[in-house]
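Structure, as structure tokens:
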Amino acid sequence: MVASTLLLLALPDLLIADFEAASYGRWKTEGSAFSSGPARGTLPGQKPVSGYAGAGLVNSFAGGDGPTGTLTSPVFRLERRYLNFLIGGGTYSGETCLNVLHQGKVIATTTGGSTTNQDPESLRRASFDLSKWIGKDLSIQVADRASGGWGHILVDDIWQSNRRIGELPTANPKPYGERYRPQFHFSAKKGWLNDPNGLVFAFGEYHLFYQHHPFGLQWGPMHWGHAVSKDLVHWRELPIALRPDALGPAFSGSAIVDYDNTAGFGKPNQPAMVAMFTSAGGASTQSLAYSLDKGRTWQTYAGNPVIPSLADGNRDPKVFWYEPRKCWIMAIYLSGNDFAIFRSQDLKKWTEQSRFSLPGTIECPELFEMPVEGSSEWKWVFFGANYRYVVGGFDGVKFTPDQVPITGDYGDSFYAAQTYNDEPNGRRVLVGWMARFAGPMLGMPFNQQMSFPRDLKLRKTSDGWRVTQSPVAEIRSLYRKTEQVSAMELVQKPLNLGVRGGQYDLDLTLRVEQSTVAIANIGGAEVVVDVAKKELRLMDRTAPLPIRAGRVHLRVLVDRSSIEVFAGEGEVTLTNYLTPKDRLCPVQLSLSRGKAQIVGLTARELATSWR
Ligand code: FRU
């Protein structure tokens, strides 16, 4: 350590506040959340608070989660590199937080960290690195602007120091630059998302609508969020498309462009984009909304609902144009494992055609036709929200499966997937919701993400029909540094790949033998190729291992907190969240049993898709 660093460390800490007095002294309160002075520990109705120092702390649970307000320090001069403090409470970014202000602007912020019922009412140690601001006059603001569950903040002991005591949240992160923000997967700028909705290519853009709670990090009153992209890779979030209305929140659904103006919503040379969705207030019914300006603004149809409640919780209409009978077809979820098919000439009047069950599957049906790879035949594919699919025939009335349902994704985070209507290159592009059950990532203003868009192919294999998936080719626009390895024995000593940057695309082909067990350690997560057991494992998930001519092929997409494994030709996929121990840690390949040879390996660092 150099002498000047030692000198800096020797400088004493400077206390800003320990909240031990009966009043806040020169700190100013606004609103009612902070009452007239520091709390002495736990407040009435609160789970026991722990982790504070001494007897007093800032605790905005005064009056419960409801009241809001701010508590602001007098201005102080920053003379040390770090601001250390203790913090707990809610995780509403910008709402339940500690902010450092310079001339009224927030230069650093972090939230309490608790989100679920199981989370403790405790304070953790935290630090901001404010070295850029040494010599400047700053102030601290403790804010509680949230009123729902965890709508309060806990803060104690704040001091300046040249030693830090806790994790370092990124000071004042740029939108999409936050520590755990997916860099090439779509996530909402702020708030919660779940199912992709209304996937349609229209007027030069891919539209991605999604189940969205814009004001919270948990599922809540459902809106349709909206983003557009020209290439399925770079997304731009637009204003909210649909909001809860008199018929209830806007649950999942689909969108089409009504080029022939069958519904009469369009104007000359202005075809309407029409969304069909579930109005989920009370008994769920199906509704329409339309847009005449490329999806920018939406009008709900005055005649809503267009389909009354058919069963308790029936929902998620998927609509598409069926050319052979020149009509609109809709697949919809009824209840239990039951689904129905409807038809319409004008999107407004619907008649039921048939009903059927798909054991083991509920919600979010999809139905579409695909060409069979290498043949002139076309088949129909149907699946529900957990992406168990069946391949079969459809005559405009009835769907008839040819085989038993197939598991499409073996991970624990792929749900409610939908494909694009009107894909301009004739592809079938699938996007799923990457469901994360562990709650929002610490300090992030968003929660949940979409999968990377996947190109589907239908193949006839010796085991029957398989719908394969691979990342859409447009991912190429993000390729940066590339590393290649070929014809090399895999050994026990790990081979470290040089990919850095937290997000990359790996393509690996291994020659294997009967007893091979090979391991790829990726951001702390293990992908195990176990030929002996014919298993492919990712964390605690297991899938059948595709082996072809003694070779195993894996394509792996890694983002800051997610991993998608495509095995074989993509007939097996595993989609999971990562808890990266160190998101910049190297990718390592090693052998644990038998023999394996790397036939080819390409590792590509990916640029961010946020501009
Ligand atoms: C699937 C789902 C849908 C419903 C939506 C509500 O994840 O439950 O069935 O429409 O989410 O957000």
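The values are calculated or read from the model by the stated rules, or taken from the named source; none is laboratory data. Bear in mind the structure is a predicted one, so any value in this text is a computation, not a measurement. All Cβ positions, glycine included, derive from the backbone under ideal geometry; neighbour counts span all protein chains shown. Areas reflect the complete protein model, heavy atoms only, side chains present, ligands, DNA and RNA absent. Shrake-Rupley method; radii C 1.70, N 1.55, O 1.52, S 1.80 Å.
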Q.
Counting other C-beta atoms within 10 Å, and keeping those with at most 14, which DSSP coil GluC sites (Glu not before Pro) do you find in segment 76-155?
A. GLU79
Q. Residue separation times 0.36 nm, minus the C-alpha to C-alpha distance between LYS132 and ARG325: what's the value?
A. 62.7 nm
Q: Please give the residues of segment 522-554, grouped as numeric ranges, whose backbone N is less than 14 Å from a label point set 7 Å along the Cα-to-Cβ vector of GLN514.
A: 531-534
Q | Point-charge dipole on Cβ atoms (K/R +1, D/E -1) for the chain, about Cα centre, debye to 20 | A | 1120 debye
Q: Could you tell me what percent of the accessible area of the chain is made up of carbon and sulfur, with a 1.4 Å probe and every protein chain present?
A: 52 percent
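Got the relative contact order for segment 380-438 handy, in percent, Cα pairs under 8 Å and 6 or more residues apart? Working shown, then result.
On the way: 86 pairs, mean separation 15.7, N = 59.
Dividing the mean separation by the residue count of segment 380-438 yields 27 percent.
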Q | Contour excess over end-to-end distance, with Cα ends at ARG551 and ALA473 and 0.36 nm allotted per residue | A | 25.8 nm
Q: Using only the Cα atoms of segment 399-455, build the gyration tensor, take square roots of its eigenvalues as a ≥ b ≥ c, and label the shape rounded, prolate or oblate: rounded if a/c is under 1.5, else prolate if a/b is larger than b/c, else oblate.
A: oblate
Q.
Modelling each spin label as a point 7 Å along the Cα-to-Cβ direction, I'd like the THR42/GLU373 distance in nm, to one decimal.
A. 6.0 nm
Q) What does the charge count near SER284 come to, summing +1 for each Lys or Arg and -1 for each Asp or Glu among other residues with Cβ under 12 Å from its Cβ? A) -2
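Leaving out ligands and nucleic acids, and using a 1.4 Å probe, what accessible area per residue does the chain come to in Å²? It would help to have the intermediate numbers written out before the result.
Numbers: 24610 Å² over 611 residues.
That works out to 40 Å² for each residue.
Mind running the shape call on segment 251-354? Use the C-alpha gyration tensor, a ≥ b ≥ c as the square roots of the eigenvalues: rounded below 1.5 for a/c, prolate if a/b tops b/c, oblate otherwise.
Taking the square roots of the gyration eigenvalues as a ≥ b ≥ c, segment 251-354 is oblate.
Run the numbers for ASP260 and ASP463: contour at 0.36 nm per residue of separation, minus the present Cα-Cα distance, in nm. Write out the running numbers ahead of the final one.
Working: separation 203, 0.36 × 203 = 73.08 nm, distance 4.19 nm.
Result: 68.9 nm gained on full extension.
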Q: Along Cα→Cβ, 7 Å out, is where each label goes; now give me the distance between the ones at LYS534 and ARG611 in nm to one decimal.
A: 4.9 nm
Q) Which shape class, rounded, prolate or oblate, goes with the chain when its Cα gyration tensor gives a ≥ b ≥ c as root eigenvalues, a/c under 1.5 marks rounded, and past that a/b bigger than b/c marks prolate? A) oblate
**Q.** Label-to-label distance, nm, for residues given as ASN337 and ARG296 (7 Å Cα→Cβ offset)
**A.** 4.8 nm
Q | MRE, 222 nm, helices only [DSSP H, n ≥ 4, -39500 (n - 2.57), over the chain, to nearest 500] | A | -500 deg cm²/dmol
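Given Cα pairs under 8 Å that are at least 6 residues apart, what percent is the relative contact order of the chain? Don't skip to the answer; put the middle values down first.
Values: 1719 pairs, mean separation 62.6, N = 611.
Reported as a whole number, the value is 10 percent.
For the pair GLN588 and THR407, what calculated FRET efficiency results from E = 1/(1 + (r/R0)^6), where r is the Cβ-Cβ distance and R0 = 22 Å, to the nearest 0.05? Don't skip to the answer; put the middle values down first.
Working: r = 29 Å, r/R0 = 1.31.
FRET efficiency, THR407 to GLN588: 0.15.
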